[in-house]
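Working notes for the structure below.
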Amino acid sequence: MKSMTAYREHFPIFKNTVYINSCSYAALSVEVEAAFLEYLKDRHEVGADWINWCDRLERVRALFAELLSAKVDEIAVTTSASASLSAISSSLDFSGPRKKIITTDLAFPTEAQAWHALKKHGADVVHVKEKDGMIDLEDLDRLVDETTLLVAIPLVCYRNGALADVPAIRDIARKKGALILVDAYQGVGAVPIDVAEWDVDFIVGGSLKYLLSTAGVGFLYVREDLISKSNPTQTGWFAQEDIHAMLIHDNIPASNARRFEQGTPSVPNLYAVEAGLKMILEVGVENIRTYVAALNERLKEGVQKIGGTLASPLDPDKHGAMLAIASTDEHALVAKLAERNIIASCRGGNIRISAHFYNNDQDIDAVIAALEENKSLLRR
């Protein structure tokens, strides 16, 4: 494997900018840029290249499966994590005694909104409380009962970077026979995921953050034994067993997780996603997790030294790649960093600093120096 310094050279933005915002959107590599150009070249030369596009879709599916240590048949390639959530929600049945959906106060809005939209279909939606920036496991244990259909959690909270204890949450849900869904968007590509170890029912995510590519492609993992029992009503021709049959008098969903797909995939973005996933798998998510953890320890020490306050859990096993720093005016602080060519983002009263394998110690030191220069915008 190449050194992380060598990989950094693949991302031109670092010539003039400290880009530390992967929790929002990944830096653009020359490989992903070339993939977009390849798509345009194919359009000019071939036009409607459906055989190639369908083959590419299957390659992307296989790469997602490799990333999650899943079977290829357990992966649906969607247009976003939101589309994945919508497909799942359209497959849920509230006609029986299980009507409760449990989400959390750490959820990304799309996830929570998807569940609340099901109230008109009979869903009872409740929220697990937040405790010390984490999912309150005692509150979860209190809420899960025999009427619970689904427990949905974020792997990493988009506001504070808190990393969920997936096995503990799975065990609580399983005791009462509930399904478990993990929204992995803020973690996938930076936090290792093995579906066999997690033993959950659904995982959703997308490609524009730590997976290095762009918006327009998401994924959905569905545990193999659930697929045949699931009948999503949000469907389309790419969800059919035979997409070339062009049925209009019937709906025959695929026997695998493709039944959760819908219409024509986001073809240009499949090119980019394939390139991004190949690089992530080449570097290795375990290697990324270890490398970024060292950068984050440097950041924690620096923030504490200048009197700042981490809004993320301090334990490295309890946060993802992103660290949140409390601010009195997070938007103003993001703007101040931008004046120094440091690109970050903010949510919920915090500035978010999210390193990836292309960042280095010098990036972290530049962030700390900029924060010290703007200490008046840090919440103590």
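Only one of these conditions is not met by K41: (1) touching a helix residue (DSSP H, G or I) at 6+ places or on another chain (Cβ under 6 Å); (2) surrounded by fewer than 14 Cβ atoms within 10 Å (Cβ to Cβ). Which number is it?
Checking K41 against (1) touching a helix residue (DSSP H, G or I) at 6+ places or on another chain (Cβ under 6 Å); (2) surrounded by fewer than 14 Cβ atoms within 10 Å (Cβ to Cβ), the one that fails is (1).
May I ask you to list the residues in segment 94-131 that are touching a residue at least 40 places away in the same chain (Cβ under 8 Å) and exposed (fewer than 14 other Cβ atoms within 10 Å of the Cβ)? Outline the logic, then answer.
Taking segment 94-131 as the starting set, the residues that turn out to be touching a residue at least 40 places away in the same chain (Cβ under 8 Å) are 94, 97-104, 106-108, 111.
Result: P97, single match.
I'm trying to understand the selection: among the residues of segment 132-144, which are surrounded by fewer than 14 Cβ atoms within 10 Å (Cβ to Cβ) and either within 16 Å of L179 (Cα to Cα) or modelled with pLDDT of 95 or more (or both)? It would help to see each step written out before you state the result.
Of the residues in segment 132-144, the ones surrounded by fewer than 14 Cβ atoms within 10 Å (Cβ to Cβ) are 132, 138, 142.
Passing the criteria: E138, R142.
Run E261 past the list (1) among the acidic types (D, E); (2) surrounded by fewer than 19 Cβ atoms within 10 Å (Cβ to Cβ); (3) touching a residue at least 60 places away in the same chain (Cβ under 8 Å) and report the number of the one that doesn't hold.
Just one mismatch for E261, condition (2).
Across segment 68-82, what is the number of residues that are surrounded by 21 or more Cβ atoms within 10 Å (Cβ to Cβ) and assigned to a helix (DSSP H, G or I)?
We begin by selecting, within segment 68-82, every residue surrounded by 21 or more Cβ atoms within 10 Å (Cβ to Cβ); these are 68, 70, 74-78, 80-81.
After this cut, where a residue has to be assigned to a helix (DSSP H, G or I) as well, the list is 68, 74, 81.
Summing the residues that are surrounded by 21 or more Cβ atoms within 10 Å (Cβ to Cβ) and assigned to a helix (DSSP H, G or I) in segment 68-82 gives 3.
Answer yes or no as to whether I51 is part of a helix (DSSP H, G or I) and loosely packed, with under 14 Cβ neighbours inside 10 Å. Steps first, please.
Details: part of a helix (DSSP H, G or I): yes; loosely packed, with under 14 Cβ neighbours inside 10 Å: yes.
For I51, the condition - part of a helix (DSSP H, G or I) and loosely packed, with under 14 Cβ neighbours inside 10 Å - is met.
Residue under question is G276, and the condition is that it be surrounded by 19 or more Cβ atoms within 10 Å (Cβ to Cβ) and in the same structural domain as A83 (by TED's automatic domain parsing); does it hold? Don't jump to the end; show me each part of the working.
On the way: surrounded by 19 or more Cβ atoms within 10 Å (Cβ to Cβ): yes; in the same structural domain as A83 (by TED's automatic domain parsing): yes.
Yes.
Given the condition at pLDDT 95 or above, outside the structural domain of V188 (by TED's automatic domain parsing), basic (K, R) and within 27 Å of the chain's Cα centre (by Cα), answer yes or no: does some residue in segment 342-350 qualify?
Looking through segment 342-350, at least one residue is at pLDDT 95 or above, outside the structural domain of V188 (by TED's automatic domain parsing), basic (K, R) and within 27 Å of the chain's Cα centre (by Cα).
From the list V77, V72, V18, which one is of a type in the set (A, V, I, L, M, F, W, C), touching a helix residue (DSSP H, G or I) at 6+ places or on another chain (Cβ under 6 Å) and not assigned by TED's automatic domain parsing to the domain that holds E261? Can you show your working first?
Details: V77 fails: not assigned by TED's automatic domain parsing to the domain that holds E261; V72 fails: not assigned by TED's automatic domain parsing to the domain that holds E261.
The conditions single out V18.
Exactly one condition in (1) touching a residue at least 12 places away in the same chain (Cβ under 8 Å); (2) closer than 17 Å to C157 by Cβ is false for V267; which is it?
If we test V267 against (1) touching a residue at least 12 places away in the same chain (Cβ under 8 Å); (2) closer than 17 Å to C157 by Cβ, just (2) comes out false.
Here are R298, R289, R379: which of them is under 30 Å from R61 (Cα atoms), of a type in the set (D, E, K, R) and surrounded by fewer than 23 Cβ atoms within 10 Å (Cβ to Cβ)? Break it down into steps so the answer makes sense when it comes.
On the way: R298 fails: under 30 Å from R61 (Cα atoms); R379 fails: under 30 Å from R61 (Cα atoms).
Unique residue meeting the criteria: R289.
How many of the residues in segment 9-23 are crowded, with 17+ Cβ neighbours inside 10 Å and either closer than 14 Å to F357 by Cβ or within 19 Å of the chain's Cα centre (by Cα) (or both)?
Qualifying residue count for the region: 8.
The values are calculated or read from the model by the stated rules, or taken from the named source; none is laboratory data. Note that the structure is a prediction, hence the values are computed from the model and not measured. Quick reminder, even Gly has a Cβ in these numbers, built from the backbone with ideal geometry, and neighbours come from all protein chains shown.
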